[in-house]
Amino acid sequence: MSNDGSGDHAGGPLARLYDLVTRHWPLLAVLASALMLAIAHAFERFGGLAPCHLCLKQREVYWVAGTVGLIAWGLQRTPLWPRLRLPANLLLGGLFLYGAGLATYHAGAEWKWWPGPASCSGVGYAGVSDLEAMLKGTAKIKAPACDKAAWVFLGLSMAGWNVLVSLKLAVWSVLAALRKSGAAA
């Protein structure tokens with residue numbers, strides 16, 4: 001149906017979705033990264049779930065991917081985009097794949113498949129009384145443990161869900177990189 005080189009020959013809903021997502025991938029990568037960060041911060045702020053060391057590392061991936069996506073989105077409006085589309089989208093794919101690997105490591109530590117990092121063996125959440133006791137010198141606060149899932153839904157922890165989301169984002173990044181370049185951004 002489409003003659004713009006986007007690969008949308010059948011014109012069905014899946015082809016249109018593919019075209020829409022791959023055409024606007026840098027912006028969608030920014031929005032997906034922002035959404036994942038917002039969800040993580042909501043669990044922390046409203047759910048009272050303090051992030052462990054590996055949780056914070058997983059957030060860093062989304063901060064970097066969001067920044068790369070924002071730069072790529074800006075570059076889409078320049079004559080440089082046809083040459084930078086492939087490396088920018090592959091970089092996003094690599095970042096999301098790294099995030100999936102980091103989340104897999106975290107989920108594996110939670111399932112006790114392998115040990116988590118030594119820097120992440122604390123327990124508990126620091127509340128106001130814990131902070132007061134620490135200021136008085138009567139208590140020590142330990143960071144949340146990386147090997148204990150703080151939240152589980154449908155059998156997956158937040159790290160487990162992050163594996164799935166990161167893999168999906170990596171796949172979409174590669175699909176956007178492989179998109180036929182004849183389509184306009």
Cβ-Cβ under 9 Å pairs, at least 6 apart or on other chains, region 26-51 side outside any loop (DSSP other than H, G, I, E, B) and acidic (Asp, Glu), far side surrounded by 12 or more Cβ atoms within 10 Å (Cβ to Cβ) and at pLDDT 90 or above: none
Condition check for ALA50: modelled with pLDDT under 90, small (Gly, Ala, Ser) and more than 21 Å from VAL174 (Cβ to Cβ): yes
Tally, over region 141-167, of residues that are under 20 Å from GLY48 (Cβ atoms) and either in a loop (DSSP other than H, G, I, E, B) or at pLDDT below 75 (or both): 12
Close pairs from region 58-73: first touching a residue at least 60 places away in the same chain (Cβ under 8 Å), partner surrounded by fewer than 21 Cβ atoms within 10 Å (Cβ to Cβ) and assigned to a helix (DSSP H, G or I), Cβ under 7 Å, at least 6 apart: GLN58/LEU102; VAL61/TYR98; VAL61/LEU102
Where a residue in region 142-155 is closer than 20 Å to ALA42 by Cβ and its partner, wherever it lies, is at pLDDT 75 or above and in a strand (DSSP E or B), with Cβ under 9 Å and at least six apart: ALA149/LEU156; ALA149/SER157; ALA150/SER157; TRP151/SER157
Checklist (1) in contact (Cβ under 8 Å) with a residue 60 or more places away in the chain; (2) crowded, with 18+ Cβ neighbours inside 10 Å; (3) β-branched (Val, Ile, Thr) applied to VAL21, failing item: (2)
Any hit, region 92-114, residues being modelled with pLDDT under 70 and assigned to a helix (DSSP H, G or I): no
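The values are calculated or read from the model by the stated rules, or taken from the named source; none is laboratory data. What you are looking at is a predicted structure, and each value in this text was computed from that prediction instead of being measured. Glycine also receives a Cβ, built like all others from the backbone with ideal geometry; neighbour counts cover every protein chain displayed.
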